Every structure is written in structure tokens, then in C-alpha cells.
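Single-structure report; data block below.
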Amino acid sequence: MADSTHGATGALPPAAALRPSRAAEEATREAMRAAARAFEAAFLAEMLKHAGLGETPEAFGGGVGEDQFASLMREAQARHMAESGGIGIAERLFEAMIAREQADG
């Protein structure tokens with residue numbers, strides 16, 4: 001009786017059949033690229049915060065609400081910067097993730 005999991009010959013399926021599909025591979029790479037951009041955006045937001053973006057002079061009162069809205073502005077600015085090419089962190093991180101994935105198998 002033939003084994004239905006290994007075909008009539010009992011041989012294992014070819015290695016190509018065990019690899020993820022092209023669509024799955026592309027989806028994984030897009031997810032990695034998005035994660036790299038998100039990391040760069042978070043990094044840029046922190047840089048912008050320390051550079052003083054969104055801070056107002058003390059004469060305007062400041063306060064917790066102002067701090068919250070300033071952080072939203074910094075995050076939006078940082079996301080836009082990262083999506084527009086940023087400072088290269090996302091691309092380097094993405095390349096490192098691809099190299100790691102290829103090295104792992």
C-alpha cells in the first residue's frame with residue numbers, strides 16, 4: 001500500500017515544497033520593513049524631543065496637555081521622516097534582518 005504522505009515511492013517531498021510561498025516571503029519582508037521603519041520613527045521622535053521640537057516658551061503656560069500634544073506632533077513628524085527615507089536606520093536594520101533570516105535558513 002502506498003503511503004499518501006510520501007507518494008508511491010516513499011520519498012520525502014522536495015526541499016522546494018517545504019519553503020514558504022513567494023507571497024508569504026514577500027509578506028514577511030514587508031512586515032520586517034514596517035518594523036524597521038517603526039523603530040526608526042521611534043528613534044527620530046526621541047531625537048526630536050531632545051532637540052526641543054514642540055517645546056514652547058514658558059510664557060505660554062505649558063502644562064501636561066501641551067506636553068501630550070507636543071509628543072503627538074513629534075511622533076507624526078518622526079513617522080513622516082522615516083517613511084520619506086529617514087536617516088538610513090530603517091534600511092540598515094531591514095538589511096540586517098534579511099541577512100539574519102538568510103543565515104538562519
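The values are calculated or read from the model by the stated rules, or taken from the named source; none is laboratory data. Note that the structure is a prediction, hence the values are computed from the model and not measured. Neighbour counts run over all protein chains shown; Cβ positions are idealised from the backbone, glycine included.
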Exercise. Could you check, for the range 52-60, whether at least one of its residues is at pLDDT below 95, in a helix (DSSP H, G or I) and in contact with a helix residue (DSSP H, G or I) (Cβ under 6 Å, 6 or more places away or on another chain)?
Key: no
Practice problem: Find all pairs meeting these conditions: Cβ atoms under 9 angstrom apart; at least six residues apart or on different chains; first residue within the range 29-58 and closer than 15 Å to Glu95 by Cβ and among the basic types (Lys, Arg); second residue loosely packed, with under 14 Cβ neighbours inside 10 Å and modelled with pLDDT under 90. | Solution: Arg29/Glu101
Quiz item: For the range 9-30, how many residues are modelled with pLDDT of 70 or more, aliphatic (A, V, I, L, M) and surrounded by 10 or more Cβ atoms within 10 Å (Cβ to Cβ)?
Solution: 2
